[in-house]
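Notes for the one structure printed next.
Bear in mind these aren't lab numbers, they're just calculated from the coordinates by the rules spelled out. Just so we're clear, the structure is a prediction, and the values are computed from it rather than from any experiment. A quick note on method: Cβ atoms are made from the backbone with ideal geometry, for glycine too, and the neighbour counts reach across all protein chains shown.
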Amino acid sequence: MAAKDEGGRYIHYQRIHRILAEGNFVLCVSEGRFGGVHAAFYDLFRLANDKVTEHWDTTEKIAPRNEWKNDNGKF
């Protein structure tokens, strides 16, 4: 899935790693490309009456594998 942010940069979701839910909150942890850069996405949704009523997100660049400090990876 691809979308544009408010700044006109493309967000391209490529893989969902985890979806966690508790009560009326759902967290989606995924990766893809943001403005052409490999990135991790964390999207938190609050639901009410079967609809998304609030959304928070953060994006973090994923360093190239040769710059990793360990072999654990991002996910």
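At-a-glance table
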quantity: Any hit, the range 24-40, residues being touching a Lys or Arg at 6+ places or on another chain (Cβ under 9 Å) and touching a residue at least 40 places away in the same chain (Cβ under 8 Å); calculated: yes
quantity: Condition check for H12: under 17 Å from G73 (Cβ atoms) and surrounded by 10 or more Cβ atoms within 10 Å (Cβ to Cβ); calculated: no
quantity: All positions within the range 30-60 that are more than 22 Å from G7 (Cα to Cα) and either under 13 Å from the mean Cα position of the chain (by Cα) or surrounded by 12 or more Cβ atoms within 10 Å (Cβ to Cβ) (or both); calculated: R46, L47
